[in-house]
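A short worksheet on the structure shown next.
The values are calculated or read from the model by the stated rules, or taken from the named source; none is laboratory data. What you see is a predicted model, and the numbers here were worked out from it, not measured in a lab. Cβ placement follows ideal geometry from the backbone for every residue including glycine, while neighbour counts extend to all protein chains displayed. We work out accessible area using only protein heavy atoms, side chains counted, and drop any ligands, DNA or RNA first. Shrake-Rupley method; radii C 1.70, N 1.55, O 1.52, S 1.80 Å.
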Amino acid sequence: MEYTPKGVCSQQIHFDIVDHKVRNVSFRGGCNGNLQGISRLIDGMDVDEAIRRLDGIRCGFKTTSCPDQLAKALKEAAGE
């Protein structure tokens with residue numbers, strides 16, 4: 001799935017969901033090292049667990065963050 005995040009530095013989020021597990025997460029733009037770390041940490045994680053862990057994370061004084069936007073993308077993909 002491709003998702004266009006809003007209110008953050010990254011311009012695109014790509015991921016797959018296989019057997020309700022998050023796979024192949026990648027970001028275009030944003031803080032490369034941090035986003036690679038997030039991508040690797042949640043690879044293979046249950047979609048609901050990833051959403052629970054990432055939802056609501058803020059970046060500085062912004063109301064969202066790249067992890068929060070990933071949670072929104074996962075919710076959309078899961079039909080929540």
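What to note about this one:
- Residue that is nearest to Lys62 (Cα to Cα), among those in segment 10-35 that are open to solvent by less than 80 Å² (accessible area, probe 1.4 Å) and without any contact (Cβ under 8 Å) to a residue 12 or more places away in the chain: Gly33
- Test: residue in segment 41-54 that is surrounded by 14 or more Cβ atoms within 10 Å (Cβ to Cβ), modelled with pLDDT under 95 and of a type outside the set (Lys, Arg): no
- The residue pairs whose first member lies in segment 62-80 and is within 18 Å of Asp43 (Cβ to Cβ), whose second member is assigned to a loop (DSSP other than H, G, I, E, B) and not hydrophobic (A, V, I, L, M, F, W, C), and whose beta carbons are closer than 6 Å, counting only pairs six or more residues apart or on different chains, are Cys66/Ser10; Cys66/Gly30; Gln69/Pro5; Ala71/Asp55.
- Residues that are among the basic types (Lys, Arg), assigned to a helix (DSSP H, G or I) and open to solvent by 70 Å² or more (accessible area, probe 1.4 Å), drawn from segment 55-76: Lys72
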